[in-house]
Amino acid sequence: MEIYTKLLGGLGNLNPEQRREIYNDLRAALHLSETEPMIPLPDPELAAWSRRCAESMAEVFAQRPATRMIADVAMLEASFLEYELPPTDAFLDTQIAMGSAMHATRLSGLYLHAVVNPVALAGARRAARAVLPEASAALVEERYPAVVMLRHALFQEGALGVAGMNSAG
């Protein structure tokens, strides 16, 4: 139980073994394999879906001052293309680092969860239905909510870790 008490202070307060234990638990809770792609689409389908998602999301993000800094089609598209990878321990580390970058750009967790998540979930579904065959669109609709929530939770942990370091000093 001590690990969960330490987790209240963020993943950064845990040693690497404890972080892996928590991450394994999160993957299991979300039914994600450590070895399989997060969204196993053929490359052309993943590329088409990623592009369409990025374009639609960037358009929405550009409309709000708090999300304007992430209204970058190329950056968003690259992040969608990462879903061809499995959610390994290395993915954990990169997403926590992205959370630190998110903190530096002043994108708050409040906007991440209240604006970015709903836009991402709706946009991914619409994009999948628009550019993918029916079976692939169904796969995206089934898997994307879990992987985006995992990713954004890890972003938040990275941002909280930086905020904690700044307030401690």
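The values are calculated or read from the model by the stated rules, or taken from the named source; none is laboratory data. Quick caveat, the model's predicted, so the values are computed rather than measured. Every residue, glycine as well, gets a Cβ built from its backbone with ideal geometry; the counts of neighbours run over all protein chains shown.
Note on region 123-138: among residues that are among the aliphatic types (A, V, I, L, M) and touching a residue at least 40 places away in the same chain (Cβ under 8 Å), the one that is surrounded by the most Cβ atoms within 10 Å (Cβ to Cβ) is Ala124.
Is it the case that some residue within region 69-89 is of a type outside the set (Asp, Glu), closer than 23 Å to His31 by Cα, part of a helix (DSSP H, G or I) and at pLDDT below 90? Looking for residues that are of a type outside the set (Asp, Glu), closer than 23 Å to His31 by Cα, part of a helix (DSSP H, G or I) and at pLDDT below 90, one finds none in region 69-89, hence no. Got at least one residue in region 31-44 being of a type in the set (Gly, Ala, Ser), surrounded by fewer than 16 Cβ atoms within 10 Å (Cβ to Cβ) and within 18 Å of Gln156 (Cα to Cα)? No, region 31-44 has no match at all. Scanning region 1-30 for residues that are of a type in the set (A, V, I, L, M), in a loop (DSSP other than H, G, I, E, B) and within 14 Å of Ile96 (Cβ to Cβ) yields one hit, Leu14. Of all residues in region 9-24, those being more than 20 Å from the chain's Cα centre (by Cα) and at pLDDT 80 or above number 5. For region 111-119, the condition of being under 21 Å from Ala28 (Cα atoms), modelled with pLDDT under 95 and surrounded by 20 or more Cβ atoms within 10 Å (Cβ to Cβ) holds for none of the residues. Please work out which residue is surrounded by the fewest Cβ atoms within 10 Å (Cβ to Cβ), limiting yourself to region 48-74 and to residues that are among the small types (Gly, Ala, Ser) and more than 19 Å from Arg125 (Cα to Cα). Restricting to residues being among the small types (Gly, Ala, Ser) and more than 19 Å from Arg125 (Cα to Cα), the top hit is Ala74.
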